[in-house]
Structure formats: structure tokens, C-alpha cells
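Before any comments, here is the structure.
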Amino acid sequence: MLHYLTVDDLVSLKVMSSLHHLSIKRGIQALRRSSWNPSCLKRRPAQSDQLHNAPDEVMLWTNHRVMEWLRTIDLSEYAPNLRGSGVHGALMVLEARFNAENLASLLSIPTSKTLLRRHLFTHFVDLIGQDVQHKKREYEASSSYQPLIPSAKIKYSRKRAIFGHKRSKSEIDADDLVCPVESLTSKTKNGTSHTETAKKIGVYSKELNTLTDMLAKDVPSSNV
């Protein structure tokens, strides 16, 4: 089911935050890499945890585990602000647009407290690793980079007519998959991508469910 979750599905659930869409996307990606094993997620620090965790381990941190980490770097005062924010390990490690500045904003650390923000930045980079941080920097320097604004709402459009408006770079299609399967991006024999096939399956499934509901309402209950 999560393979075929679309933007339209999230919108129908009133999930409009751009950050929350990315949070769900990266969460699905992390679970997919772990073969959908929920027990791999880390909610609390374990005795076996090292002082410096590998990015693959941090990727499995839940929101609560990130809050615990904040307490270990003397930011207990701000840790509660992260509750319900959608921030977890997979978002911090896998999302190229998420950085220490975003985390500081979500924690409500005033911009005037430059030393505190620098303290957070240092520990953030130490947590995700230099390789991950380098990839984030490379993406920030690219022409396609768009800063992540935690309070922003998603911009999406449904299927348009032939003369519909042109979609902007920041606008996404409502039928887009939230987290496309990386291994299913190749083309089939007839030239259709597996991702497109997945979208069609999702559409047919919705139509079938709708038809089933309509038939159930039309058929009168029988008296035995």
C-alpha cells in the first residue's frame, strides 16, 4: 500500500504541510530499505549505541529518539518543540533539503542566539556524517535547489485539460507517488515505466472501491 501512496491520498487526509509530505516520503524510504521491518526503528538509546552513530543507524531514529539526542547535546529546553513536527532520522539523513537551519527553526531557537545555533549545527553534522552533509551542500549549490520552508504548504495540481495551466517547478501532480520505488524506475517491454504502471494500479483500485460502494448501496438487503 505504501508503495502506491499518492500526493492525492495525503491531501485527502488533510496532510498539507510540505515538511510532513517529505517526512512521510523519507519514512517510507527508510522502511523499504529495512524490508518493512518496524522493529528496526529506534525509539530510545540502546546500551550498544556508540558515541558516533553511523548514518544508516540514525536513519532509523524515531521522532522520540531525535528528542533524546537533543537532550544529550544540552538542548533539553528545546526538545519538546520537536514533538509532532514530523522530524525523524530518515528525514535528517535522506532528505537533501533538510538542514540544521530547518531544525533550529522547528526547535524555535531564536536567530539572535547565534552561538546556540552554531552548537546545534556542529552536532547535527557530527550526527549525520560528513558524507551526508557534503551531499546536502552539493545539492544546495545546484540550480535545481529550492530551500525547504518548514511552515510551507504543498502546491499541487490535479490532471489538467489540454489547455490547462503550465505547472511550475514547485508544483507537484496530485497523482505523483509520494515515494517512488527506486528499483522500479526502469522501462517495461512496451516502453511504459513501472512507476506509471503503479499509478494506474492505484487509480484502478480506487475506481473499483468506489464501484463496490455504489453497488452495496443500490442492492436492497434481503429478508430471510
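Per-structure values
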| read-out | value |
| --- | --- |
| Near pairs, Cβ below 6 angstrom, 6+ apart or cross-chain, from the stretch 28-46 (farther than 15 Å from His3 by Cα) to any residue that is among the acidic types (Asp, Glu) and surrounded by 15 or more Cβ atoms within 10 Å (Cβ to Cβ) | Pro45/Glu68 |
| Qualifying residue in the stretch 146-154 (condition: touching a strand residue (DSSP E or B) at 6+ places or on another chain (Cβ under 7 Å) and open to solvent by 30 Å² or more (accessible area, probe 1.4 Å)) | yes |
| Residue match in the stretch 112-132 (condition: within 22 Å of Ile73 (Cα to Cα), open to solvent by 60 Å² or more (accessible area, probe 1.4 Å) and in a loop (DSSP other than H, G, I, E, B)) | yes |
| Test result for Arg43, of a type in the set (D, E, K, R) and in contact with a Ser or Thr (Cβ under 6 Å, 6 or more places away or on another chain) | yes |
| Search result, residues across the stretch 114-141 that are of a type in the set (Lys, Arg) and either touching a residue at least 40 places away in the same chain (Cβ under 8 Å) or at positive phi (or both) | Lys136 |
| Segments classed as helices (runs of 4 or more DSSP H), wholly inside the stretch 1-109, with at least 2 members that are open to solvent by 30 Å² or more (accessible area, probe 1.4 Å) and in contact with a Lys or Arg (Cβ under 8 Å, 6 or more places away or on another chain) | 63-72 |
| Verdict on Ala90 being touching a Gly at 6+ places or on another chain (Cβ under 7 Å) and in contact (Cβ under 8 Å) with a residue 24 or more places away in the chain | yes |
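The values are calculated or read from the model by the stated rules, or taken from the named source; none is laboratory data. Everything numeric in this text was worked out from a predicted model, so none of it was measured. Glycine gets a Cβ as well: all are built from the backbone with ideal geometry, and neighbour counts include every protein chain shown. All accessible areas refer to the heavy atoms of the entire protein, side chains included, with ligands and DNA or RNA removed. Shrake-Rupley method; radii C 1.70, N 1.55, O 1.52, S 1.80 Å.
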